[in-house]
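Asker: One structure follows; several queries about it will come next.
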């Protein structure tokens, strides 16, 4: 009789929406989804403007937020569109061919479930020396 009364009470509680009596506790979901940024290394001529696209991924999800590119001491920040941000960056003048680092930092949207991430790629800047005849 006791078991029948308990079963009846539990089923009545579920029907009335008091499922907390028989369900597991819900935990808060902290900001824990890892992201990664991908961008291709480049080889460019000095003084030219080059295009580089940063792609931010979290599995197969489309991520929202902003990406900051830091190159030669200058920062540019763009919002992501479809998980991508395309930057147009001017290469500096160099005396000889040099390799410089282009850094990307991703900052997720406010109240997002994604983590911030960063990466760096190498940009080879070629000197355009004129040949003497």
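The values are calculated or read from the model by the stated rules, or taken from the named source; none is laboratory data. Predicted, not measured: the structure shown is a model, and the values here were computed from it. Reconstructed Cβ throughout: ideal geometry from the backbone, glycine too, with neighbour counts over all protein chains shown.
Asker: Conditions first: (1) in a strand (DSSP E or B); (2) within 19 Å of the chain's Cα centre (by Cα). Residue 110 passes all but one, so which condition is the exception?
Answerer: (1)
Asker: Sticking with this structure for a sec: State whether one or more residues within the range 70-89 are buried (at least 16 other Cβ atoms within 10 Å of the Cβ), closer than 11 Å to residue 35 by Cβ and touching a strand residue (DSSP E or B) at 6+ places or on another chain (Cβ under 7 Å).
Answerer: Looking for residues that are buried (at least 16 other Cβ atoms within 10 Å of the Cβ), closer than 11 Å to residue 35 by Cβ and touching a strand residue (DSSP E or B) at 6+ places or on another chain (Cβ under 7 Å), one finds at least one in the range 70-89, hence yes.
Asker: If I ask for residues that are touching a strand residue (DSSP E or B) at 6+ places or on another chain (Cβ under 9 Å) and either surrounded by fewer than 19 Cβ atoms within 10 Å (Cβ to Cβ) or under 16 Å from residue 74 (Cα atoms) (or both), which ones from the range 111-122 would you list?
Answerer: Those that are touching a strand residue (DSSP E or B) at 6+ places or on another chain (Cβ under 9 Å) and either surrounded by fewer than 19 Cβ atoms within 10 Å (Cβ to Cβ) or under 16 Å from residue 74 (Cα atoms) (or both): 112, 113, 115, 116, 118, 119, 120, 121, 122.
Asker: Now, a different point. Can you tell me which residue in the range 16-54 is nearest to the chain's Cα centre (by Cα), limited to those that are assigned to a loop (DSSP other than H, G, I, E, B) and modelled with pLDDT of 75 or more?
Answerer: 35
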